[in-house]
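Trainee: Sharing a structure here in structure tokens format.
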Amino acid sequence: MKFFVDTADVKEIKDLAATGLLDGVTTNPSLVAKSGAPSFLKLIEEICGIVSGPVSAEVAATDYETMIKEGRKLANIAKNVAVKVPLTQDGLRVCKELTDDGIMVNVTLCFSAAQAILAAKAGATFISPFVGRLDDIGQDGLKLIEEIVTIYQNYPDFETEVLVASIRHPIHLTESAKMGAHVATIPPDVIRKLFAHPLTDKGLAAFVDDWKKTGQTIL
Ligand code: E4P
């Protein structure tokens, strides 16, 4: 399973990339606004220099004519840009055109299996179903992941990868992994939670104490 970090915070991206566990980055207009970066294009360029995997950069427009121009401009920033488009009729039209030209596309704001089928038919590189936002309105976000993974497995000609988005806690990740989702995009605080277990902390503290008793050093 590939791990992307869901942030536009360069400091966080650098810190997590240093672990060697990061396969890519996703951003969205809200995350860019939160980062306070004065230039979106320069921000994406900088992030693309930190990670070699896909970096999702979202178009700002919602109409076909503007989105296609924005998408091409974003794709020109670096080879590892994945242009992010919304799951609308115009968005999927843009997706088809860009993927036909060999540009990676992440179709975002997916909330149904039917939408995921359309994205796969449009040749999307990634489909981003939002689990947390479905949970927020009383629907089962993980059920959607299960449906999409099953449907895609039924059609091996679908090459679109399921990118689980809007992850709120580690269980979203582990359950998606059990279902066979290809990618998870995870906020930095949730990635840090993945490392943690109280028994790891307790066990490590005991090992450190016992090692001191030996009076030895390794280096
Ligand atoms: C994915 O690409 C989105 O940026 C993100 O996962 C949305 O998450 P949110 O629902 O926490 O805003």
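The values are calculated or read from the model by the stated rules, or taken from the named source; none is laboratory data. Because the structure is predicted, anything quoted here is derived from the model rather than measured. Note that we place each Cβ from the backbone using ideal geometry, even for glycine, and neighbour counts take in every protein chain shown. Surface accessibility is based on the protein's heavy atoms, side chains included, excluding ligands, DNA and RNA. Shrake-Rupley method; radii C 1.70, N 1.55, O 1.52, S 1.80 Å.
Trainee: Under a point spin-label approximation (7 Å from Cα along Cα-to-Cβ), what is the ASP101-LEU194 distance to one decimal in nm?
Mentor: In this crude label model, ASP101 to LEU194 measures out at 3.3 nm.
Trainee: Here's something else I'd like to know. So in region 15-159, what percent of DSSP beta bridges are antiparallel if you round to the nearest 5?
Mentor: 0 percent
Trainee: Moving on to the next point. Accessible area of the chain with a 1.4 Å probe: how many percent of it is carbon plus sulfur?
Mentor: Percent of accessible area from carbon and sulfur atoms in the chain: 56.
Trainee: Among PHE158, ILE145, PRO187, pick out the residue whose Cα is farthest towards the positive end of the charge dipole of region 131-219, where Lys and Arg carry +1 and Asp and Glu carry -1 on C-beta, about the Cα centre.
Mentor: PRO187
Trainee: Would you rank LEU144, LEU194 by solvent-accessible area, highest first, keeping every protein chain in place and using a 1.4 Å probe?
Mentor: LEU194, LEU144
Trainee: Under a crude label model (7 Å from the Cα following the beta-carbon direction), how far is ASP15 from SER30 in nanometres?
Mentor: Distance between label points: 2.1 nm.
Trainee: Roughly how many Å is it from the Cα centre of region 150-175 to that of region 97-121, as a whole number?
Mentor: 13 Å
Trainee: Right, next: Any idea what the dipole of the chain comes to, in debye rounded to 20, about its Cα centre with Lys/Arg Cβ at +1 and Asp/Glu Cβ at -1?
Mentor: 460 debye
Trainee: With charges set only on the Cβ (+1 for Lys and Arg, -1 for Asp and Glu), what does the dipole of region 89-219 come to about its Cα centre, in debye to the nearest 20?
Mentor: Using Cβ point charges on Lys, Arg, Asp and Glu, region 89-219 gives about 500 debye.
Trainee: For region 2-214, what is the accessible area per residue in Å² when the probe is 1.4 Å?
Mentor: Normalised by residue count, the accessible surface of region 2-214 is 51 Å².
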